[in-house]
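Computed from the coordinates by the stated procedures, all read-outs in this text should not be read as laboratory data. Keep in mind the model is a prediction, meaning the values are calculated, not measured. All Cβ positions, even for glycine, are placed from backbone atoms using ideal geometry, and neighbour counts span all protein chains on display.
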Amino acid sequence: QVQLVESGGGLVQPGGSLRLSCVASGTIFNIYAMAWYRQAPGKQRELVATMPNGGSTNYADSVKGRFTISRDNAKNTVYLQMNSLQPEDTAVYSCYVALGVMDYIRGRGYWGQGTQVTVSS
């Protein structure tokens, strides 16, 4: 089993920044992909950014140039640096970890509990 714990959410003014962290623990030999998703009230969950091990990093169009995903494999940790935050970025942000490439393709990874990000003046 794998457990994911996120931190770093909170309330920030428009134009501000936040850095989210997600630490994976448990029986882990390798992590293929780490990603961040978000879900705003009344909306479907959407992919924010994904970072496969050795693969291309991908971002949602709405966050390109503002958000940066990174990972520290030695610490089994993924980060999301969010700059120039806007009210439309308000959502619950959850991290997602897939141990293998087939787990990633088939959506058989692990989810964190989510952390609230609120952008408001």
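Residues whose amide H falls under 5 Å from that of Gly114, counting only those 5 or more places apart or on a different chain, are Glu6, Cys95, with hydrogens built in the peptide plane.
At a Förster distance of 25 Å, what's the computed FRET efficiency of Glu88 paired with Asn58, Cβ-Cβ distance as r, to 0.05? Rounded to the nearest 0.05, the efficiency is 0.80. Taking θ as phi - 60° and the Karplus parameters 6.51, -1.76 and 1.60, the scalar couplings of region 47-58 work out to 6, 9, 7, 9, 9, x, 5, x, x, 7, 7, 10 Hz in sequence order, x denoting glycine and proline.
Close amide H partners of Gly100, meaning residues 5 or more places away or on another chain with modelled amide H under 5 Å apart, are Tyr32. Working ranking of peptides 83-95, 6-18 by packing, defined as the average number of other Cβ atoms within 10 Å per residue, highest first, is 83-95, 6-18.
So what are the ³J(HN,Hα) numbers for region 88-98, from phi and the Karplus equation (6.51, -1.76, 1.60; θ = phi - 60°), rounded to whole Hz, Gly and Pro as x? Computed from phi, the couplings for region 88-98 are 6, 7, 4, 4, 8, 9, 10, 8, 9, 10, 10 Hz.
Annotation: amide H-H contacts under 5 Å for Gln86 (H modelled 1.01 Å from N, sequence separation of 5 or more, or interchain): Gly15. The share of Cα pairs per 10 Å bin across region 13-119, counted from zero up to the longest distance, runs 15, 50, 29, 6 percent.
Of all DSSP beta bridges in the chain, what percent run antiparallel (nearest 5)? If I count the DSSP bridges inside the chain, around 95 percent turn out antiparallel.
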